[in-house]
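Asks: Mind looking over this structure? Questions follow.
The values are calculated or read from the model by the stated rules, or taken from the named source; none is laboratory data. The structure displayed is predicted, hence computed values, not measured ones. Here the Cβ positions follow ideal geometry from the backbone for every residue, glycine too, while neighbour counts run over all protein chains shown.
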Amino acid sequence: MSGPSADRPWTFYVLGALFGAWLLFLYGPMVVIYVLSFQGPNGGVTFPMVGTSLTWFRDIIRPGQMANIPVAFGRSIGLAALVSALTVVISVAAGLGFRRRFPGSGVLFYLAVASLVMPSLLVGFGIGLGFQVLGLHPGLFTSALGAQLTWTLPFGLFTMFAVVSRFNRSYEEAANDLGATAFQRLIHVTLPILLPGIIGIAMGAFTLSYDEYARTTLTIGARNTLPLEIYALISSATSPTLFAIGTLTTTVSFLLIGVTLVVVFRMQRRRAAVVVKG
Amino acid sequence: MTFLTKPLPRLRAGEVEAQSAEGEDDRVGTQQGDGACRPDHPHPPLRGDFSRAQRGRGFQPWLVSWLQVGPLALILCVLFAAPTVLFLVVSFFDYDRVGIYPAFIMDNYRDLLTTPATLRVYISSLKFAVIVWAITLFLGFNIAWFLIFHIRNSITRTILFLLCAIPFWTSGIIRTIAWIPFLGRNGAFNQILLDLHITSKPLTFLLFSDFAVIITYVHLFTLLMVGPIANSLSKIDPALLEAARDAGASRFRTMVDVVIPLSKTGIVLGSILVFTQVMGDYFVVKTMSGGQSASIVSMLSTQIQAMEYPPASANAMVLVGFVAIMVAGMMFVVDVRKELVK
Amino acid sequence: MDVRFDVELVAVTKRYGSTVAVDAVSLRIPHASYCCLLGPSGCGKTSTLRMIAGHEAVSDGDILINGANVTLAPPIRRGTAMMFQSYALFPHLNCLDNVAFSLKMRGVAKAERHKRARGFLALVHMETFAERLPSQLSGGQQQRVALARALITQPRVLLLDEPLSALDPFLRIKVREELKRLQRELAITFIHVTHSQDEAMAMADMMVVMEDGQIRQAGPPREVFEQPASAFVARFIGGHNVLSGARGPIAVRADRCRLGVPNDGPHVSGRVAAVEYQGGMVRVALAMESGDEISALVPDATFYGAPVEPGDPATFVWSEHDTHLLASA
């Protein structure tokens, strides 16, 4: 929406200012988190800063009343990896399946939408209730895994929709033409071409899981009761350790996403826009 | 020009001559009166050469699809649909201090909907949801517009999107708590106001109030609006905006008559996400309102802790019903499936 | 089994729901000929091509290739290869791997298939681009690689889906010649779908004009141009005027019409509607009393010897010999 010259219209400046203001608004508290993670040993979760230190970071690493933090970190990564792998396999398969209109596809689609949209705490309760009714003892792993999948799977599915819609079916027809069996076609053509999108799903699911679970385990330790989310919230520590954790998890996520983006970017550039939608 | 390592099969010499001798049979068929071509040779060899089994495409297409979506369907049913049904069933149960008893009574719902305290909580949640929805819609739409229509360089746009997304990677709980040092009486914001001599004493309404709750919600959930709306906007051909301009539409009219209808899907999806996140929230209200407001989910958690599963389930069902109505309403406004799969 | 024909269509029909895209089409294409399927959008030519290729299921009828009934056969078993309109080169593979793809699917060892692929890349003069990715090639270059990829399967029939549409006009002419030459050298049948009559006339040994899912005329280009079967064919081919004569609808070639005076022979009078300079020829459009327009293609020297202007009264004359009776309107 620009005028005949290359100049920016006035709306650019207004919206730009709004955007800038919003970024400030967004990052204000983030800065608070990052700064307060370096709070002095005698300070609390509010200003003023009582000196600076790495106390709270050290608190994370030192096994203390926060249970075994390094182990908890390891478990978070493990769970995130599992969630990511499952999400990729299940939602990629489902995304491919949805290319056709099949009986029941509408119902399944809206089920996925509802699952995405339903408040996660509710889902957590539901799963917990289910476990209790069935007389099973839920583990942190199983219940957290289950709850997270109800969120990451729809996310993966909808991402697949976007990815698949850009995928030119001529590639698959060409593969048929050249003698590929259905399996060969999948392995040698369909999946490699969809790979950047698939990596995106994997990373997205990983970071979603990691951020949520990390926070949970780090704050409550290895508990076995449900609903775990609620207990985590109630007993979340009100010390700058929480901020230190936040800074740490953000940094890890940042690095992961950064690396992924670079890899995907490179991949896309090599293959860029041959695609003429036939 | 050199090429094939072995020649392609050719006709034997005799056949070539035979072909040219039977000139009139080289016709493809007889030209009919209506100009179409119909065959005038006997029935062709049967299709036995390639039976259905040899085709290698034995499965019906819909069966293949079901195999592919099977795992997803299974997990969603077990982890989502089943618990919801469970809520539904248990919500009709009877209970007392000892345990729960299978029954079919409406008491739980009656209690839920007639208790003034409960209604107050629902109305309060709804109030927050509407206000937050309006603010995030305004902000989200304008931010998405800025990013999609005003940023031409796609690399810049990606970087700016990332900037918006980075805070999202930090847990919502931590971000909520971070507002406390910012908004408190001794907090950073008040310090800034005092230093700039805009106020003479700290503002107290900033924290532990409705204001704080709303600010936090906006902080957490605007991205949920920006994402889907930006996605919708990016699908709009910029030529449409220029065409509207050519036809004499003002910027405002272009926005209202062209862009908003075309970005319906994004707006609807974003709205649903924001609404449900606010209605389903527990922590923000608890922390930022200083106990002045309660949330639906906190009610739920109290009941669950007290092992009062039937009323908790009834509560949950009302919330589920609310979400279901929103999704159904969505289906009226826009065919989301067609849009998303496009 | 009639092996004089590479491809035979026997009452082939394609239905999409209640719409009939291809209506009981029958055709015989002789061995090693260049066949063009020509027609307006929606006439069924692409559906027909895709059914021959095996990428579209046949609703009714049979398809024979080299005498064998391949109606239910998968693409790879038909002896056909297709060149897609969008080329469909695999973006994640370089040119060499793209061309070698079919060999890899058959299990040929790497060294061997790369060697053969290089041979075919050389055939289309793309051997220096072997390591490049499709995204690094121009449209014309991609097309050649797509051609090599199709030819390496040693098909009996090569199917081309509007191969020249994406090229600029200059390149189009060049590639036209190359395709025709290639077909002659390889001595296989090419079936080429196009909506451009110039292209079809220039390249085809057999031209098949289609409309609404049916074949309206099939034959050598000269035959179709000089003796169009129906008014539709005459109009679609271009360069013809369709008029109603005493014995029924007739077609007269525009370049056989001259500016003259009314006489005993066939003629039409009216007012000049437009004069279009086309280089070697000038097209004069005449508005008749009925309101319709016909055109004459007059050599430039002749025209400028006695020019007319829009609005002038004029008469087109032609000889009886050039009047062609149409089978149908």
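Asks: Quick check, is B:Leu137 within 29 Å of B:Ile236 (Cα to Cα), aliphatic (A, V, I, L, M) and touching a Phe, Trp or Tyr at 6+ places or on another chain (Cβ under 7 Å)?
Replies: Working: within 29 Å of B:Ile236 (Cα to Cα): yes; aliphatic (A, V, I, L, M): yes; touching a Phe, Trp or Tyr at 6+ places or on another chain (Cβ under 7 Å): no.
No.
Asks: Next question. Kindly state which helices (runs of 4 or more DSSP H) lie completely within the stretch B:199-271 and contain at least 2 residues that are closer than 19 Å to A:Trp22 by Cα.
Replies: On the way: elements: B:210-234, B:238-246, B:251-254.
Output list reads B:210-234.
Asks: Restricting to the stretch A:99-110, name every residue that is modelled with pLDDT of 85 or more and of a type in the set (A, V, I, L, M, F, W, C).
Replies: Matches in the stretch A:99-110: A:Val107, A:Leu108, A:Phe109.
Asks: Checking B:Val284 against (1) over 28 Å from B:Phe211 (Cβ atoms); (2) surrounded by 22 or more Cβ atoms within 10 Å (Cβ to Cβ); (3) more than 10 Å from chain A (Cβ to nearest Cβ), which single condition isn't satisfied?
Replies: Looking at each condition in turn, B:Val284 falls short on (1).
Results for (1) within 21 Å of B:Ile180 (Cβ to Cβ); (2) modelled with pLDDT of 70 or more, shown as yes or no for each residue.
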{"site": "A:Arg215", "(1), (2)": "yes, no"}
{"site": "A:Ile220", "(1), (2)": "yes, no"}
{"site": "A:Leu228", "(1), (2)": "no, no"}
{"site": "A:Leu233", "(1), (2)": "yes, no"}
{"site": "A:Arg271", "(1), (2)": "no, yes"}
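Asks: Among the listed residues C:Ile215, C:Ile250, C:Ile237, identify the single one that is without any contact (Cβ under 8 Å) to a residue 60 or more places away in the chain and of a type in the set (Val, Ile, Thr).
Replies: Numbers: C:Ile215 fails: without any contact (Cβ under 8 Å) to a residue 60 or more places away in the chain; C:Ile250 fails: without any contact (Cβ under 8 Å) to a residue 60 or more places away in the chain.
Only one candidate qualifies: C:Ile237.
Asks: Would you kindly identify the helices (runs of 4 or more DSSP H) lying entirely within the stretch A:1-98 that contain at least 2 residues that are at pLDDT 90 or above and more than 11 Å from chain B (Cβ to nearest Cβ)?
Replies: Details: elements: A:10-36, A:55-61, A:69-97.
Of the helices (runs of 4 or more DSSP H) lying wholly inside the stretch A:1-98, those with at least 2 residues that are at pLDDT 90 or above and more than 11 Å from chain B (Cβ to nearest Cβ) span A:69-97.
Asks: Let me ask another. With the structure loaded, tell me whether B:Ala144 is at the interface with chain A (Cβ under 9 Å from one of its Cβ atoms) and either buried (at least 21 other Cβ atoms within 10 Å of the Cβ) or in a helix (DSSP H, G or I) (or both) or whether it fails that test. Walk me through how you get there before you give the answer.
Replies: On the way: at the interface with chain A (Cβ under 9 Å from one of its Cβ atoms): no; either buried (at least 21 other Cβ atoms within 10 Å of the Cβ) or in a helix (DSSP H, G or I) (or both): yes.
So B:Ala144 fails the test.
Asks: If you don't mind, there's one more thing I want to ask. What pairs can you find where one residue is in the stretch A:186-198 and at the interface with chain C (Cβ under 10 Å from one of its Cβ atoms), the other is part of a helix (DSSP H, G or I) and small (Gly, Ala, Ser), and their Cβ atoms are less than 6 Å apart, with a gap of 6+ or different chains?
Replies: Once the first residue is at the interface with chain C (Cβ under 10 Å from one of its Cβ atoms) and sits in the stretch A:186-198, its partners that are part of a helix (DSSP H, G or I) and small (Gly, Ala, Ser) give A:Val189/A:Ala175.
Asks: Count, please, the residues in the stretch B:100-112 that happen to be exposed (fewer than 15 other Cβ atoms within 10 Å of the Cβ) and either within 14 Å of another protein chain (Cβ to nearest Cβ) or in contact (Cβ under 8 Å) with a residue 12 or more places away in the chain (or both). Talk me through it step by step, then tell me what you get.
Replies: Step one: filter the stretch B:100-112 for residues exposed (fewer than 15 other Cβ atoms within 10 Å of the Cβ), giving B:101-106, B:110-111.
Retained after the next criterion (residues that are either within 14 Å of another protein chain (Cβ to nearest Cβ) or in contact (Cβ under 8 Å) with a residue 12 or more places away in the chain (or both)): B:101-102, B:104-106, B:111.
The total comes to 6.
Asks: Let me ask another. With respect to B:Arg185, determine if the residue is at the interface with another protein chain (Cβ under 7 Å from one of its Cβ atoms) and either modelled with pLDDT of 80 or more or not in a helix (DSSP H, G or I) (or both).
Replies: Considered against the rule, which asks whether it is at the interface with another protein chain (Cβ under 7 Å from one of its Cβ atoms) and either modelled with pLDDT of 80 or more or not in a helix (DSSP H, G or I) (or both), B:Arg185 comes out as no.
Asks: Would you be able to tell me the number of residues in the stretch C:189-220 that are under 17 Å from C:Ala254 (Cα atoms) and in contact with a helix residue (DSSP H, G or I) (Cβ under 7 Å, 6 or more places away or on another chain)? Write out each step before concluding.
Replies: Of the stretch C:189-220, the ones under 17 Å from C:Ala254 (Cα atoms) are C:197-198, C:201.
Retained after the next criterion (residues that are in contact with a helix residue (DSSP H, G or I) (Cβ under 7 Å, 6 or more places away or on another chain)): C:197, C:201.
Within the stretch C:189-220, residues that are under 17 Å from C:Ala254 (Cα atoms) and in contact with a helix residue (DSSP H, G or I) (Cβ under 7 Å, 6 or more places away or on another chain) number 2.
Asks: Another question, then. Can you tell me which residue within the stretch C:283-322, out of those that are of a type in the set (Ser, Thr, Tyr) and surrounded by fewer than 17 Cβ atoms within 10 Å (Cβ to Cβ), is modelled with the lowest pLDDT? Spell out the reasoning first.
Replies: Step one: list which residues in the stretch C:283-322 are of a type in the set (Ser, Thr, Tyr), which gives C:290, C:295, C:302, C:304, C:315, C:319.
Of the ones still in play, those that are also surrounded by fewer than 17 Cβ atoms within 10 Å (Cβ to Cβ) are C:290, C:302, C:304, C:315, C:319.
Working: C:Ser290: 87, C:Thr302: 92, C:Tyr304: 93, C:Thr315: 93, C:Ser319: 90.
This residue is C:Ser290.
Asks: OK, next. Restricted to the stretch C:212-240, and to residues that are β-branched (Val, Ile, Thr) and within 11 Å of chain B (Cβ to nearest Cβ), which residue is farthest from C:His192 (Cα to Cα)?
Replies: Of the residues in the stretch C:212-240, the ones β-branched (Val, Ile, Thr) are C:215, C:224, C:233, C:237.
Next cut, within 11 Å of chain B (Cβ to nearest Cβ) only: C:215, C:233.
Values: C:Ile215: 15, C:Val233: 18 Å.
Once the filter is applied, the top-ranked residue is C:Val233.
Asks: Being at the interface with another protein chain (Cβ under 10 Å from one of its Cβ atoms), out of contact with any Pro (no Cβ under 6 Å at 6 or more places or on another chain) and either modelled with pLDDT under 80 or part of a helix (DSSP H, G or I) (or both) narrows it down to one of B:Met326, B:Met299, so name that one. Show your work before the answer.
Replies: Values: B:Met299 fails: at the interface with another protein chain (Cβ under 10 Å from one of its Cβ atoms).
Sole residue among the options that is at the interface with another protein chain (Cβ under 10 Å from one of its Cβ atoms), out of contact with any Pro (no Cβ under 6 Å at 6 or more places or on another chain) and either modelled with pLDDT under 80 or part of a helix (DSSP H, G or I) (or both): B:Met326.
Asks: Working only within the stretch B:163-175, note down all residues that are facing another protein chain (nearest Cβ under 8 Å) and either farther than 14 Å from B:Ala230 by Cβ or under 20 Å from the mean Cα position of the chain (by Cα) (or both).
Replies: To start, the set of residues in the stretch B:163-175 that are facing another protein chain (nearest Cβ under 8 Å) comprises B:163-164, B:166-167, B:169-171, B:173-175.
Listed by number, the residues that qualify are B:Cys164, B:Ile166, B:Pro167, B:Trp169, B:Thr170, B:Ser171, B:Ile173, B:Ile174, B:Arg175.
Asks: I would also like to ask the following. Any idea which of (1) more than 7 Å from chain A (Cβ to nearest Cβ); (2) closer than 17 Å to B:Val318 by Cβ is the one B:Leu86 doesn't satisfy?
Replies: Here B:Leu86 clears every test but (1).
Asks: Let me ask something else. Considering only residues of the stretch A:155-175 that are crowded, with 21+ Cβ neighbours inside 10 Å and over 20 Å from A:Ala112 (Cβ atoms), which is farthest from the other protein chains (Cβ to nearest Cβ)?
Replies: A:Ala175
Asks: With exposed (fewer than 15 other Cβ atoms within 10 Å of the Cβ) and among the hydroxyl-bearing types (Ser, Thr, Tyr) as the only criterion, which of B:Thr199, B:Thr276 stands out?
Replies: On the way: B:Thr276 fails: exposed (fewer than 15 other Cβ atoms within 10 Å of the Cβ).
None of the others qualify; the one that does is B:Thr199.
Asks: Let me ask something else about it. Taking C:Met82 as meeting all but one of (1) among the aliphatic types (A, V, I, L, M); (2) surrounded by fewer than 24 Cβ atoms within 10 Å (Cβ to Cβ); (3) facing another protein chain (nearest Cβ under 10 Å), write down the number of the exception.
Replies: (2)
Asks: When you check A:Leu153 against the structure, is it closer than 20 Å to C:Phe90 by Cα and either modelled with pLDDT of 90 or more or not in a helix (DSSP H, G or I) (or both), yes or no? Give the derivation first.
Replies: Working: closer than 20 Å to C:Phe90 by Cα: no; either modelled with pLDDT of 90 or more or not in a helix (DSSP H, G or I) (or both): yes.
Judged against the criteria, A:Leu153 is not a match.
Asks: Hey, any hits in the stretch B:118-139 for a residue that's within 11 Å of chain A (Cβ to nearest Cβ), touching an Asp or Glu at 6+ places or on another chain (Cβ under 7 Å) and assigned to a helix (DSSP H, G or I)?
Replies: no
Asks: Continuing with this model, one more query. Residue under question is C:Glu56, and the condition is that it be surrounded by fewer than 19 Cβ atoms within 10 Å (Cβ to Cβ), of a type in the set (Asp, Glu) and away from chain A (no Cβ under 14 Å); does it hold?
Replies: no
Asks: Looking at C:Leu37 and the list (1) more than 15 Å from C:Ala200 (Cβ to Cβ); (2) modelled with pLDDT of 95 or more, which single condition is not satisfied?
Replies: (1)
Asks: Moving to a separate point now. I'd like the full set of residues that are among the polar types (S, T, N, Q) and in contact (Cβ under 8 Å) with a residue 12 or more places away in the chain, limited to the stretch C:150-189.
Replies: We begin by selecting, within the stretch C:150-189, every residue among the polar types (S, T, N, Q); these are C:153-154, C:165, C:183, C:189.
Within the stretch C:150-189, C:Thr153, C:Ser165, C:Gln183, C:Thr189 qualify.
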